[in-house]
There are 4 protein chains.
Amino acid sequence: MTEGYGTTFPRLRDAAGAVWRDYTGHAFVERLREASLPRAAFLGYLVQDYIFLVHFARAWALAVTKAETVDEMRTCAATVDALVNTEIGLHVRTCAEAGLSEADLFETAEHPANLAYTRYVLDAGHSGDFLDLLAALAPCVMGYGEIGARLGQDVADGHPYADWIATYGGKEYQQVCREVGALFDGAVARRLGPAPETTPGWDRLCHRFTTATRLEVGFWDMGLSFAR
Amino acid sequence: MTEGYGTTFPRLRDAAGAVWRDYTGHAFVERLREASLPRAAFLGYLVQDYIFLVHFARAWALAVTKAETVDEMRTCAATVDALVNTEIGLHVRTCAEAGLSEADLFETAEHPANLAYTRYVLDAGHSGDFLDLLAALAPCVMGYGEIGARLGQDVADGHPYADWIATYGGKEYQQVCREVGALFDGAVARRLGPAPETTPGWDRLCHRFTTATRLEVGFWDMGLSFAR
Amino acid sequence: MTEGYGTTFPRLRDAAGAVWRDYTGHAFVERLREASLPRAAFLGYLVQDYIFLVHFARAWALAVTKAETVDEMRTCAATVDALVNTEIGLHVRTCAEAGLSEADLFETAEHPANLAYTRYVLDAGHSGDFLDLLAALAPCVMGYGEIGARLGQDVADGHPYADWIATYGGKEYQQVCREVGALFDGAVARRLGPAPETTPGWDRLCHRFTTATRLEVGFWDMGLSFAR
Amino acid sequence: MTEGYGTTFPRLRDAAGAVWRDYTGHAFVERLREASLPRAAFLGYLVQDYIFLVHFARAWALAVTKAETVDEMRTCAATVDALVNTEIGLHVRTCAEAGLSEADLFETAEHPANLAYTRYVLDAGHSGDFLDLLAALAPCVMGYGEIGARLGQDVADGHPYADWIATYGGKEYQQVCREVGALFDGAVARRLGPAPETTPGWDRLCHRFTTATRLEVGFWDMGLSFAR
């Protein structure tokens, strides 16, 4: 189902090995799937994820400044716009239903797991080039796509997290994953040629991708901690 | 007519003094208005302006990474999107009518006047904060708005540059100027308080604004040079 | 004892309140003082601190790019040089005595607490201006100065961490704190004027300083975790 | 004589072709060599070069933030320190002899040719990676080394520009060129492997190097313009 995410992503995912499974099969995800995730964990996660999206949008905007072609700029700019003007809005609405205003969200203290992840991604962009940044952005985009696609296969009526699953398993988000996959493949071909795994830069991309994946694990750990 | 551009912009414009008039009343502009601007000058300018817009969009994307509120991010992200997905497209179409493909445009050697201006704006952002960047972005946005509004008051039938004038004098672009003006006013109020001219940071903003205006003059000079 | 660190730092420290005491009086510090800190905790901390210094030096280098005067550049450049060519060397030597090569250090996986702190500081610089960056750099520089000065007052012969205490309590490091304090005071006066606490920008600086202090607490927590 | 500048630099220089000769054999250089360069041109150049060095030091500091190894950081940090604490000082002294204070220098309006060059180099770093930045930094470092070495072979007694020639033709500066050459070679080997010219990234480096060389030509043009 997630075969349309291009060829670069699965290579980096395979190189990440067990860490990728720790992330996409994390207890937070499994309990969300089974509808046994405590509401406090989900809401705590959602509030931090709002802050995450703010910084994730900043990182995609940084990608616009590091693109080499107008086409690369277009995809990144559209992603910024989608994050800032759509996805953040979804969080705002879900949180509002739980009694949290956007001002509440914005002023919530940022969890260290959130700081570690988002600022690592931004620094991947500042210290490296466009590919370094994409490699750090990919685990979130594609991992949520994989999780959404898997969980979306079987959602019982009245599932408490049906909206969340529908968002990431839905056609629109899956299309985003395919577009980011194509962007990544094109950017890699342009900069590393037809056999990117044989270039000296490949290890650096694997390291970026694996580190960001590791920080996703920490983000789910944080989510569970809100239920303690 | 350009009274809706807020209160920060006119203060910086007044501080820039004669340089602002050198820019908005430049011979390039006057000859364009009078329809006496050689086609070679206009096309040479348009090709460089395509490259300019690429980097100007990068600078607005940088602003997304430096914003402090989600509202600031929203306006900047929308501007990036408008530049990358609309305004650049207009240039591509006009140039295509003159026989220049987008690949031609992208591969044109960037003129030093273009490098000086665009990279100065980007560096204003990298070395300073959100306000430094806005102060360097404002002369282009608002200056074109003033020029468009003035030239749009009286355009004869068959004017060779009617499209260009209609773009910048039109409602849509004037609305962009008002939104950027409101963004700027809000950002200044948030960071410098109700009397920004009395703060130590004000001189730096004036310097940024005036330098960018000076570089606009150089950009028109470049345009005229293509007709020689 | 630490009165020579200028006037900006104590104001920000006071605004941070209890978090500052959580940092400078942390169990890690107290056990180090009492010589009861397990060696494993100290070494684990030292290896992460090597990586920390690499990124801290990067952040001071970023400050060079954001300085407004040549004098500001000089102090920041000298600090980069001291970190890269002296302080990192001290860590390399201490770790070598414990059997860890510099290659071992460089390839150690970076702890999330380390990522969170260092990348937050770098992002403070990228997203803000020179003062935002200094406010995020100050807690480490000055806090270690305060801790070193306090612990250095009474060190028994054969104290296992005498070298560490001597480094931060020593004249050379205390002089660095005074120079950074003077840099900070001058930078604040230049940008915010004579009453910085009354300016809208002051809260942002307090927030930067307090967040970095909070991340120092996390760094000590990480140190203790290595002894478990 | 300049054979010790490594292997990457001569390849990029050869790829730049005629532009490199336009730069290193520019009329400004030849007239300086023949002692026929008007004093006004030299002083005008020197004042702008002071501002250039400020921003060039910022660009080397940016390189510290983009380095991948501590050794790369060390060379870049040492270069920043040399520029800020030594080379800028030479300019200050030479200008002081001509009656210009450092405050005069710092407040001189920056020439567009200067803005174009320095901000292009900084943006090469911000938009790309460490190699992009080095490719944009190399033409100044190495070109001055080549010019200094050539002009230093035969300087008559009482030559008005003997100090300038001695600086860039001297052992110390030639050593800097060799160190930067070694840094560049190592950085290329690490990132592009043993045959960098065959990698897709090579063209981008050539483009960076050639553009920066073109901007050096503009800088000499600016110098001559001060004598008109």
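Here are the numbers:
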| read-out | value |
| --- | --- |
| J(HN,Hα) series, the stretch C:78-94, from Karplus relation 6.51 cos²θ - 1.76 cosθ + 1.60, nearest Hz, glycine and proline x | 5, 5, 4, 4, 5, 5, 6, 9, 10, 4, 4, x, 4, 4, 4, 5, 4 |
| Cα shape, the stretch D:118-228, gyration tensor, a/c 1.5 rule | oblate |
| Karplus-derived 3J(HN,Hα), 6.51/-1.76/1.60, for each residue of the stretch B:178-188, Hz, glycine and proline x | 5, 5, 5, x, 5, 4, 5, 4, x, 5, 5 |
| Distance histogram in 5 Å bins (all Cα pairs of the stretch C:8-225, percent per bin) | 1, 7, 15, 19, 22, 17, 10, 6, 2, 1, 0 |
| For chain B: relative contact order, % (alpha-carbon pairs under 8 angstrom, 6 or more apart) | 39 |
| Average accessible surface area per residue within chain D, 1.4 Å rolling probe, Å² | 36 |
| log10 of Debye I(q)/I(0), alpha-carbon scatterers only, for the stretch A:138-192 at 0.13, 0.16, 0.21, 0.27 Å⁻¹ | -0.37, -0.51, -0.73, -0.99 |
| Copies compared at A:GLU172 - label distances in nm, ascending, label defined 7 Å from Cα in the Cβ direction | 2.3, 6.0, 6.4 |
| Carbon + sulfur, % of accessible area of the stretch C:134-228 - ligands and nucleic acids excluded, 1.4 Å | 52 |
| Structure-based [θ]222 nm, chain D - -39500 (n - 2.57) summed over DSSP H runs of at least 4, per residue, nearest 500 | -24500 deg cm²/dmol |
| Set of lysines near D:LYS171 by C-alpha distance (under 30 Å), chain-local residues within fewer than 8 positions excluded | D:LYS66 |
| Charge dipole (debye, nearest 20) of the protein assembly as shown; +1 at Cβ of Lys and Arg, -1 at Cβ of Asp and Glu | 0 |
| The stretch B:1-113, dipole about Cα centre (Lys/Arg Cβ +1, Asp/Glu Cβ -1), debye to the nearest 20 | 240 |
| Anisotropy class of the stretch B:1-74 from Cα gyration tensor, a/c 1.5 cut | oblate |
| Using a Förster distance of 41 Å, the FRET efficiency for D:GLN175-D:PHE106 (Cβ separation, nearest 0.05) | 0.90 |
| Tensor-based shape of the stretch C:44-137 (alpha-carbon gyration tensor, a/c under 1.5 rounded, otherwise prolate or oblate) | oblate |
| Net charge, D:GLY4 excluded, C-beta distance under 12 Å - Lys, Arg +1, Asp, Glu -1 | -2 |
| About the Cα centre, charge dipole magnitude for the stretch A:8-225 (Lys/Arg +1, Asp/Glu -1 at Cβ), debye | 400 |
| FRET efficiency estimate (nearest 0.05) - Cβ-Cβ, D:GLU97 to A:THR86, R0 56 angstrom | 0.35 |
| J(HN,Hα) series, the stretch C:11-24, from Karplus relation 6.51 cos²θ - 1.76 cosθ + 1.60, nearest Hz, glycine and proline x | 5, 5, 4, 5, 5, 6, x, 4, 4, 5, 5, 4, 7, 6 |
| Choice from D:ALA195, D:ALA77, D:ALA116 with maximal GNM fluctuation in chain D (Cα, 10 Å cutoff) | D:ALA195 |
| Pseudo-label separations to other copies for A:ASN85 - Cα-to-Cβ vector, 7 Å, nm | 0.6, 5.1, 5.2 |
| For C:LEU115, net neighbour charge (Lys/Arg +1, Asp/Glu -1) across residues whose Cβ lies under 11 Å away | +1 |
| FRET efficiency, 1/(1 + (r/R0)^6) with R0 30 Å, evaluated for D:GLN153 and D:ALA27 via beta carbons | 0.95 |
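The values are calculated or read from the model by the stated rules, or taken from the named source; none is laboratory data. Source: prediction; values computed, not measured. As a convention, Cβ positions derive from the backbone with ideal geometry for all residues, glycine included, and neighbour counts pool all protein chains shown. Surface accessibility is based on the protein's heavy atoms, side chains included, excluding ligands, DNA and RNA. Shrake-Rupley method; radii C 1.70, N 1.55, O 1.52, S 1.80 Å.
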